[in-house]
Amino acid sequence: MKQTIVQHTDLTFLIIIGISFFFLAVITALMFYFMYKYSRKKNPVATDITGNTTIEILWTVIPTILVMVMFFYGYAGFKQIRNAPSDAMTVKVTGRMWVWNFEYENGVKSDTLFVPTGKPVKLELNSVDVNHSFYIPAFRIKEDAVPGRKNYLWFEPTEDGEYYVECAEYCGLSHSYMLSKVVSMPKDKYDAWYNAPRPKEGADTTKPKSDTLKTK
C-alpha cells in the first residue's frame, strides 16, 4: 500500500532523528571513554598516534551511505508532493495581506477551504502582494505563494474534520493573524455545498457546521 504524504514525511523525519540520536550517543560515549583512557593521570607522557586506514575508510563510507539513505527518503517524498494525481480537483489559492482566498472550478469563492474526504486536492498558489507560504501542518504540506509566479501542491484528506491553515513566511505586521481552515467533509455533503445556489455578485462565505479542529 502506497504511503500518504503524512506517513512518508513522518517516516523521513523519524529516520533522520534516529540516525542523529544514534551518533549523538556513540560520539558522547567515545568522548568520555577517551577522556578517561587518555587523561593526564593515566598518560603523563604524550604518545604518538599513527593512522589507521580501516577506520578512515569506515568513517568516510558509513556517513556517505547514511547521507544517501536520507537523500533517498527525502527525494521520494519530494517527488510524491510534486506529482499530483490526474484525478485531483483543482482549487486556486490566493494569498494577500493577511488572508487566504480559495476559488473553485465552478467559480465559487470562499475564505475557508472546503474539500471532500478521500479526494485528492491540487492547490494552485498565487500572491497579489508579498511572499506568503501556504502551510497545513496536519497534512505536512507547505509551499510558497510568490507574486507573479504560479506554484502548486496537493494533498488528500482521509478523515472528516477541520484543520488549520497558516502562513509560514513572515509577510508583515499581521502575519500571525493570517489563518484559515480546511474543512474536510463527506462527498455528498461537499457536493451539496459546492452546488448550492449563490448570489452571482458576491463571494460565498457559507460554512458547513463542524465542531472538530484537528491539529495533528
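The values are calculated or read from the model by the stated rules, or taken from the named source; none is laboratory data. Here the structure is a predicted model, which is why all the values come from computation and not from measurement. Methodologically, a virtual Cβ is constructed for each residue, glycine included, from the backbone with ideal geometry; neighbour enumeration extends over all protein chains shown.
Worth a mention:
- The requirement of being acidic (Asp, Glu) and either surrounded by 10 or more Cβ atoms within 10 Å (Cβ to Cβ) or closer than 30 Å to residue 152 by Cβ (or both) is fulfilled nowhere in the range 38-53; no residue meets it.
- Checked against the criteria, residue 73 counts as closer than 23 Å to residue 12 by Cα and either not assigned by TED's automatic domain parsing to the domain that holds residue 167 or not in a helix (DSSP H, G or I) (or both).
- Note on the range 82-123: enclosed strands (runs of 3 or more DSSP E) holding 2 or more residues that are surrounded by fewer than 19 Cβ atoms within 10 Å (Cβ to Cβ) are 89-96, 99-103.
- Looking only at the range 171-216, and only at residues there that are farther than 28 Å from residue 147 by Cα, among the aliphatic types (A, V, I, L, M) and surrounded by 12 or more Cβ atoms within 10 Å (Cβ to Cβ), the one that is modelled with the highest pLDDT: 185
- The set of residues in the range 142-167 that are buried (at least 16 other Cβ atoms within 10 Å of the Cβ) and in a loop (DSSP other than H, G, I, E, B) comprises 156, 157, 160.
- The number of residues in the range 168-178 being in contact (Cβ under 8 Å) with a residue 40 or more places away in the chain and part of a loop (DSSP other than H, G, I, E, B) comes to 4.
- Options 62, 49: the member that is among the hydrophobic types (A, V, I, L, M, F, W, C), outside the structural domain of residue 114 (by TED's automatic domain parsing) and at pLDDT 90 or above: 62
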